[in-house]
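First up is the structure itself, then whatever we jot down about it.
The values are calculated or read from the model by the stated rules, or taken from the named source; none is laboratory data. Just so we're clear, the structure is a prediction, and the values are computed from it rather than from any experiment. Here Cβ is always computed from backbone atoms with ideal geometry, including for glycine, and neighbour counts include all displayed protein chains. Keep in mind that these areas ignore ligands, DNA and RNA; they rest on the heavy atoms of the full protein, side chains included. Shrake-Rupley method; radii C 1.70, N 1.55, O 1.52, S 1.80 Å.
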Amino acid sequence: MTAAVASLLVGLVLGYLGQRSRMCFVGGIRDFILVRDTALLEGLVAFGVTAWVAFPLARLVAGGLPDTPAPADVVTVLLTIGGGLGVGYVSTLANGCPLRQHVLAAQGVASSLTYLAGFFLGAILFHVWVAPVLFRILP
Amino acid sequence: MTSYVASGFSRTGADEERTRPTRVTAVHTGIVAGVLAVAAGTFFDVRPPDAYGICMACHGRDLVNWTINAAFATGLTVAPASLAFPLLTTVGVFLGAVAAAGRHGEFRWVTPDHPAKTFLYGLLVMNFALVAGGCAIRLTLRTAAGELVGSVGFIAMAAGIVLGTWWLRWRATR
């Protein structure tokens, strides 16, 4: 329950600021390539650097947290590369990262609403169909 | 609040710039999001897995699958952090953005150009993100957490964005 409430509050703040700043975690790289505009790219870098500094600090304050190491076998790495490529490529075509699409949908952009419909249906599709197929064909 | 009411249909409203200067910059948002993501993961039980503080794809998946599991007693995958009750980041972002857009008179309906296409984009991005283990935000977060596989995913995502942008530019200048 703590996690649910915390994530709702985090989301509220992120959504509010995201709408005000038009933040997009994909648009930064796109804008830099297209028009050498660094506004959104700076946001992406700021997010990464802040988290990079905050992780060890938080670990220091919280004390020894149990580590839950992610699997790092070859198949996982290849899947991560393929998935990452797809996220970047399709998000660029879709004109924004998932966060940006949520924000646009919230301010009345109907194409982002259909994006979200596909997004959430995609989650079901993934676990009902895509993941089992992947499990079957991968070693 | 009168401007909150949608006024007709505009086809260009998606990224139409306002004349007022932006007071909240992307850097502000990035810093706040970074602090919140780490805090949520470390102090408020938004874990495991590690570096799970903010993710639009995984948290959205958790919410959808948890709801379906609760309603139909199915066994769709949910992250351990969402077992008891689903993470509501996506709901929060939506409501937060509604509040911000409403407060600043930026809510207006824009009819979709290609609803089938954007639907497909959403579907694909969710599937790719679940394969990679994170949306754009969480791949960045995993990189910041020093997770090697996560940074590989981030580099792949950046490469995908570069390819996508080249494709957009090529199509525009053809």
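Brief remarks follow.
- Here the spin labels are modelled as points 7 Å beyond Cα on the Cα-Cβ line, and at B:Ala116 and A:Val61 they lie 5.1 nm apart.
- Ellipticity estimate at 222 nm from DSSP helix runs (n ≥ 4, -39,500 (n - 2.57)) divided over chain B, nearest 500: -20000 deg cm²/dmol
- Total accessible area lost when B and A pair, probe 1.4 Å, Å² to nearest 100: 9000 Å²
- Point-to-point label distance, B:His104-B:Ala172, nm (Cα→Cβ direction, 7 Å offset): 2.3 nm
- Peptide B:70-78 has a mean of 2 when you count, residue by residue, the C-beta atoms of other protein chains within 10 Å of its C-beta.
- Cα gyration tensor shape for the protein assembly as shown, rounded if a/c is under 1.5, else prolate or oblate: rounded
- Spacing of the modelled spin labels on B:Phe43 and A:Ala131, each 7 Å from Cα toward Cβ, amounts to 3.1 nm.
- Distance-filtered residues of the stretch B:149-174 - backbone nitrogen under 19 Å, label point 7 angstrom along A:Val35 Cα→Cβ: B:162, B:164-174
- Global size of chain A as Cα Rg and Dmax, reported in angstrom: 17.8, 46
- Among B:Arg138, B:Arg23, B:Arg47: highest mean-square fluctuation, GNM of chain B, C-alpha pairs under 10 Å: B:Arg23
- Shielding value for B:80-91 is 6, the average number of Cβ atoms from other chains within 10 Å of each residue's Cβ.
- Summed residue charge, Cβ within 15 Å of A:Leu14's Cβ, Lys/Arg positive, Asp/Glu negative: +4
- Averaged over its residues, the stretch B:27-174 has an accessible area of 40 Å² per residue, based on protein heavy atoms and a 1.4 Å probe.
- Each of the peptides A:13-23, A:47-57 was scored by the mean count of other Cβ atoms within 10 Å over its residues; in descending order, highest first, they stand as A:13-23, A:47-57.
- Computed over chain A: relative contact order in percent, which uses C-alpha pairs under 8 Å that are six or more apart: 26 percent
- Taking every alpha-carbon pair under 8 Å whose residues sit at least 6 apart, chain B reaches a relative contact order of 29 percent.
- Other protein chain Cβ atoms within 10 Å, averaged over every residue that makes up B:42-52: 6
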